Structures are given as structure tokens and as C-alpha cells.
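A.B. asks: Structure provided below as C-alpha cells; questions to follow.
The values are calculated or read from the model by the stated rules, or taken from the named source; none is laboratory data. Remember, it's a predicted structure, so these values are computed and weren't measured experimentally. All Cβ positions, even for glycine, are placed from backbone atoms using ideal geometry, and neighbour counts span all protein chains on display.
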Amino acid sequence: MTSAADSPIQNSWLNDLRKKKVMTIIFLVNGYQIRGTIESFDNFSVVVITKGTKQLLYKHAISTMVEVEDRSRTTVQ
């Protein structure tokens, strides 16, 4: 069984996305993409709010997660 101490990077990153309500693209292992905000998570699953609907995703089905870039904060240098 995996404990919270076994994945501190994953938990801290997911918690940051949750607290800041960052729009996130979640790529599933079957290639499907889900865009939404993280409501909650535990060792085995993530709850995502998409267009007002909650979806429970099992972590073993998630391939990659990407924050949607906020272009209003981006500066060109």
C-alpha cells in the first residue's frame, strides 16, 4: 500500500493545483483528454470538475497532467 510519504512531489503538486483552482489538462492512458480543476485527491484517485460536473479518475488511468498556461501572466523577454 502506498502512503502519502511515498509520493510527496505528487501530493504537493496536486494540492497546489487544487488550492489555486488551476485549469489542468489530464491525459489518460487511452489518449482521452480531460480539462478541468482538481477538487480533491487521495492515494488512488483524483476528483476533477469539468463544466460543472464532477468526475472521479483513478490514478492508474492517468498518463500526464499539464497546467493550462495563463497567458495574462506571461511576459515576453
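A.B. asks: Just a yes or no: is a residue in segment 48-63 modelled with pLDDT of 95 or more, surrounded by 15 or more Cβ atoms within 10 Å (Cβ to Cβ), touching a helix residue (DSSP H, G or I) at 6+ places or on another chain (Cβ under 8 Å) and not charged (D, E, K, R)?
C.D. replies: Scanning segment 48-63, I find no residue that is modelled with pLDDT of 95 or more, surrounded by 15 or more Cβ atoms within 10 Å (Cβ to Cβ), touching a helix residue (DSSP H, G or I) at 6+ places or on another chain (Cβ under 8 Å) and not charged (D, E, K, R), so the answer is no.
A.B. asks: Quick one: in segment 7-22, of everything that is within 12 Å of the chain's Cα centre (by Cα) and part of a loop (DSSP other than H, G, I, E, B), which residue is surrounded by the fewest Cβ atoms within 10 Å (Cβ to Cβ)? Walk me through it before giving the result.
C.D. replies: First, pick out the residues of segment 7-22 that are within 12 Å of the chain's Cα centre (by Cα): 10-22.
The next check asks that each one be part of a loop (DSSP other than H, G, I, E, B); those that pass are 21-22.
Numbers: K21: 11, V22: 13.
If we take residues in segment 7-22 being within 12 Å of the chain's Cα centre (by Cα) and part of a loop (DSSP other than H, G, I, E, B), then K21 is surrounded by the fewest Cβ atoms within 10 Å (Cβ to Cβ).
A.B. asks: Within segment 43-59, which residues are closer than 18 Å to I9 by Cβ and not in a strand (DSSP E or B)?
C.D. replies: Listed by number, the residues that qualify are N43, F44, K59.
A.B. asks: Looking only at segment 23-34, which residues are in a strand (DSSP E or B) and either farther than 16 Å from L56 by Cβ or touching a residue at least 60 places away in the same chain (Cβ under 8 Å) (or both)? Walk me through how you get there before you give the answer.
C.D. replies: First pass over segment 23-34, keeping only residues in a strand (DSSP E or B): 24-28, 33-34.
Answer for segment 23-34, where residues must be in a strand (DSSP E or B) and either farther than 16 Å from L56 by Cβ or touching a residue at least 60 places away in the same chain (Cβ under 8 Å) (or both): I25, F27, Q33.
A.B. asks: Now for a different question. Which pairs do you get when a residue that is modelled with pLDDT under 95, found in segment 2-22, comes within reach of a residue that is surrounded by 10 or more Cβ atoms within 10 Å (Cβ to Cβ) and not in a helix (DSSP H, G or I), reach meaning Cβ atoms under 6 angstrom, with the pair 6+ apart or on two chains?
C.D. replies: Final answer for the pair search is T2/N43.
A.B. asks: Also, I was wondering about something else. Look through S63, S40 and report the one residue that is touching a residue at least 12 places away in the same chain (Cβ under 8 Å), in contact with a Lys or Arg (Cβ under 8 Å, 6 or more places away or on another chain) and in a strand (DSSP E or B). Give the derivation first.
C.D. replies: Numbers: S63 fails: in contact with a Lys or Arg (Cβ under 8 Å, 6 or more places away or on another chain).
From the options S63, S40, the qualifying one is S40.
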